[in-house]
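S.K.: Below is the structure I would like to discuss, written out as structure tokens.
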Amino acid sequence: MSQQADQFKKLVSHCKEYGFIYPSSEIYDGLSAVYDYGPYGAELKNNIKTYWWKAMVQMHENIVGLDAAIFMHPLTWKASGHVDAFNDPLIDNKDSKKRYRADQLIEGYLDKIEEKILKEVEKARKRFGDSFDEAMFRQTNPRVLDYQKQYDEVLERFTRATAANDMGELKAIIDHLEIADPDTGSRNWTEVRQFNLMFSTQLGNIAGEESKLYLRPETAQGIFVNFLNVQKTTRQKIPFGIAQIGKAFRNEIVARQFIFRMREFEQMEMQFFLRPGEEMKWYLYWKEARMKWHLALGTPPEKLRFKDHDNLAHYANAAVDIQFEFPFGFKELEGIHSRTDFDLGNHQKLSGKKMQYFDPELNESYVPYVVETSIGCDRMFLALMSHALQEDAAPDAQGEEAIRTVLRLHPALAPVKCAILPLLKNKEELTDKARQVFNELKHAFLCQYDEKDAIGRRYRRQDAIGTPYCITIDFDTLKDGTVTIRERDTMQQERVRIHEVESIVRQKTDMAQLFR
Ligand code: GAP
């Protein structure tokens, strides 16, 4: 098993063992690509949502929130293009009976060529040291040029086939490149066919097309159909944004990789309404603002990158992904899309209701253009966990050097902010005092009282769930009113007065520091 695969396996089992994420309906052997968040997972997820909400709504005078229903009028999805165009190209392997997305098989092939190029570049960098000129090397090295040519040819053919919705051509590319089933190596494929990703259900007990409802595949449409309601009731002037967090549902063909691709997931989306012609200015603004939001959490910059879309979605005239280096490679974490007036324009046509804004400065009405930022909360969760879960060397209870598992989440997002630990369980004077400290601090933060097991083991448990501070109540506490405060990352312990604890913990865990 590769180091990354091993790291990913550890992450999945850590999430289960420490109450972050469980498979849904596990007693019935689970439900594919559906997960439940346990006690610490629910806290972390709420903190991610709060961080996003505050960054959008609290920090921008011209962005307001919304909480629209999951069910929407079925024509919504006709107008948005999801009924006709929200499809993935599906292919089955006849031998393994496994189902794949044809586009992902081809993208996987392209990723491999890119990896080969990177390998050559890294080899040369080592060889030439400080004098290495990467751009020159890429332009002149025959092997790299060969790979690049191959890459460009496949990409061009793939982009054309996708834009033309040509399923036959996608199959021809797979055959031509001799792409095999990644699990079994078989090349015995079916034809490629379209598969609509929306889940549908019935309204009431009437069967038929007219009562067909969809579980929303994105939260954005709830924002579009409420655009005028919100604009009028909040008296916002363009440019302004509407932010929303909520569940979305997609019947994903390939739903592996834990919570990366789920069938039920949560999105945090913001639609920014603006004057036609100003979309590129705002597209660039939001690109930069969203990258800053990620970096403020202490994520190393080399783990994040922009990737322009090769194939634009049916609604976009510019689109970029913020990719994160997950244990299985760089993948999309967030999308920033310039959606033009596609959605509002189509809702206007289908509903017969005007979706126009009167611009007092221009003295004219128009259908606004939209720049969207859209991030999956679950994917953000996975990105944070996969970076934060680390191992380092630390002495065990006997003072021997041992490996410690520590979840280095940003303290502002940590599920539990502070653990209160009496040194010994069976000394009532210590446990009473610890309870007293806990009962005071719980007004300020989510704290945890823990008296079970030796102190070293309790520290390890808190490290594993990412608690930034452990407060230990010992015999000196009873004498002089001081406690030890242990910091998660450095494991440094300091003696401080009890009344200082709240401000020390607050300073480190306050979300406001992320915005300054
Ligand atoms: N409104 C635009 C939109 O929905 P998208 O790129 O399809 O665009 C936006 O989705 C974000 O939602 C993605 O960047 C990803 O973080 C998240 N997402 C999409 N499908 C997902 C899935 N099946 N499971 C988990 N997250 C998903």
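The values are calculated or read from the model by the stated rules, or taken from the named source; none is laboratory data. Quick caveat: nothing in here was measured; it's all calculated off a predicted structure. Note that we place each Cβ from the backbone using ideal geometry, even for glycine, and neighbour counts take in every protein chain shown. Each accessible area value is taken on the protein alone, full model and side chains, heavy atoms only, with ligands, DNA and RNA left out. Shrake-Rupley method; radii C 1.70, N 1.55, O 1.52, S 1.80 Å.
S.K.: Quick check for you: with a 1.4 Å probe and neighbouring chains kept, what is the accessible area per residue of the range 243-353, in Å²?
M.R.: Per residue, the range 243-353 has 39 Å² of solvent-accessible surface.
S.K.: Continuing with this model, one more query. Calculate, in nm to one decimal, what VAL121 and ASN165 gain on full extension: separation in residues at 0.36 nm each, minus their alpha carbon distance. Mind showing how you got there, number by number?
M.R.: Values: separation 44, 0.36 × 44 = 15.84 nm, distance 3.51 nm.
12.3 nm is the gain from fully extending VAL121 to ASN165.
S.K.: Now, a different point. Give me the net charge of PRO239's neighbourhood, meaning all other residues with Cβ under 15 Å from the Cβ of PRO239; Lys, Arg count +1, Asp, Glu -1.
M.R.: -2
S.K.: Here's another thing I want to ask about it. Tell me the per residue accessible area of the range 411-515 using a 1.4 Å probe; a whole number in Å² is fine.
M.R.: 47
S.K.: Counting only DSSP beta bridges with both residues in the chain, tell me the antiparallel percent, nearest 5.
M.R.: Around 85 percent antiparallel, to the nearest 5.
S.K.: Follow-up. Viscosity 1.567 mPa s, temperature 4 °C: Stokes-Einstein D of the range 87-194 from its Kirkwood Cα radius, in µm² per second?
M.R.: 84
S.K.: Set the Förster radius R0 to 22 Å, insert the Cβ-Cβ distance between SER96 and HIS309 as r into 1/(1 + (r/R0)^6), and round the FRET efficiency to 0.05.
M.R.: Efficiency for this residue pair is about 0.15.
S.K.: Further question: Just from its helices, what would the mean residue ellipticity at 222 nm be for the chain, if runs of 4 or more DSSP H residues each count -39500 (n - 2.57) and the sum is divided by every residue, rounded to the nearest 500 deg cm²/dmol?
M.R.: It lands at -12000 deg cm²/dmol.
S.K.: PRE reach from LYS292 (point 7 Å along Cα→Cβ): which of the range 360-383 fall under 18 Å by backbone N?
M.R.: 372-374
S.K.: For THR340, which sequence-distant residues (separation of 5 or more, or a different chain) have an amide H within less than 5 Å of its own amide H, given hydrogens modelled in the peptide plane?
M.R.: Here the answer is ASN317, VAL370, since their amide H atoms fall under 5 Å of that of THR340.
S.K.: Between ASP152 and LEU197, what FRET efficiency follows from the Cβ-Cβ distance if R0 is 30 Å, with the result rounded to 0.05? Kindly include the intermediate steps, with their values, before the conclusion.
M.R.: Details: r = 30 Å, r/R0 = 0.99.
The formula returns an efficiency of 0.50 here.
S.K.: Follow-up question, since we're still on this one. Could you state the accessible area per residue of the range 87-194 in Å², with a 1.4 Å probe and every protein chain left in place?
M.R.: Values: 6570 Å² over 108 residues.
For the range 87-194, the solvent-accessible area averages 61 Å² per residue.
S.K.: Give, as a single signed number, the net charge of other residues whose beta carbon lies under 15 Å from the beta carbon of ASP29, with Lys and Arg counted +1 and Asp and Glu -1.
M.R.: -1
S.K.: Summarise the accessible area of the range 199-269 (1.4 Å probe, protein heavy atoms) by the percent that is carbon and sulfur.
M.R.: 48
S.K.: Another question, then. What are the equivalent ellipsoid semi-axes of the range 411-515, built from the alpha-carbon gyration tensor (square roots of five times its eigenvalues), in whole angstrom, biggest first?
M.R.: Gyration-tensor ellipsoid for the range 411-515: 21, 15, 12 Å.
S.K.: Next question, about the same structure. Tell me the net charge near ALA402. Cut-off is 14 Å between Cβ atoms, ALA402 excluded, with +1 for each Lys or Arg and -1 for each Asp or Glu.
M.R.: Residues close to ALA402 contribute a combined charge of -3.
S.K.: Moving on to the next point. Work out from phi, with θ = phi - 60° and the Karplus expression 6.51 cos²θ - 1.76 cosθ + 1.60, the ³J(HN,Hα) of each residue of the range 476-486, listed in order in whole Hz, and give x for Gly and Pro.
M.R.: Coupling constants for the range 476-486: 5, 4, 5, 7, 10, x, 10, 9, 9, 10, 10 Hz.
S.K.: Can you list the residues, at least 5 places off or on another chain, whose amide H is less than 5 Å from the amide H of MET198, using H built in the peptide plane?
M.R.: ASN251
S.K.: Taking +1 at the Cβ of each Lys and Arg and -1 at the Cβ of each Asp and Glu, which of ALA135, ASN251, GLY108 sits farthest along the dipole of the chain towards its positive end, judged by Cα position relative to the Cα centre?
M.R.: ASN251
S.K.: Once the Cβ-Cβ distance between ASP432 and GLN356 is put in as r, and R0 is 51 Å, what FRET efficiency do you end up with, to the nearest 0.05?
M.R.: 0.15
S.K.: Also, I was wondering about something else. If you average the C-alpha positions of the range 102-141 and of the range 207-246 separately, how far apart do those two centres end up, in angstrom?
M.R.: Here the two parts' Cα centres lie 44 Å apart.
S.K.: Obtain the nm distance between the two label points defined at ALA180 and GLU278 by a simple spin-label model: each point lies 7 Å from its Cα along the Cα-to-C-beta direction.
M.R.: The two pseudo-label positions are separated by 5.6 nm.
S.K.: Keeping the other protein chains in place, figure out the carbon and sulfur percent of the accessible area of the range 87-194, with a 1.4 Å probe.
M.R.: 48
S.K.: May I ask you to list the lysines whose Cα is less than 25 Å away from that of LYS149, ignoring any residue fewer than eight positions away on the same chain?
M.R.: Answer for LYS149, where 25 Å is the Cα cut-off: LYS112, LYS116, LYS119, LYS123, LYS126, LYS171, LYS307, LYS331, listed by chain and number.
S.K.: Determine Rg/Rh for the chain; Rg is computed over alpha-carbon atoms and Rh is the Kirkwood hydrodynamic estimate from the same atoms.
M.R.: Details: Rg = 26.4 Å, Rh = 26.2 Å.
So for the chain, dividing Rg by the Kirkwood Rh gives 1.01.
S.K.: So, in nm, how far is label THR233 from label LYS10 when the simple model puts each one 7 Å beyond its Cα toward the Cβ?
M.R.: It works out to 4.9 nm between the two label points.
S.K.: Mind jotting down the distance between the C-alpha centroids of the range 469-516 and the range 142-203, whole Å?
M.R.: Result: 55 Å between the Cα centres.
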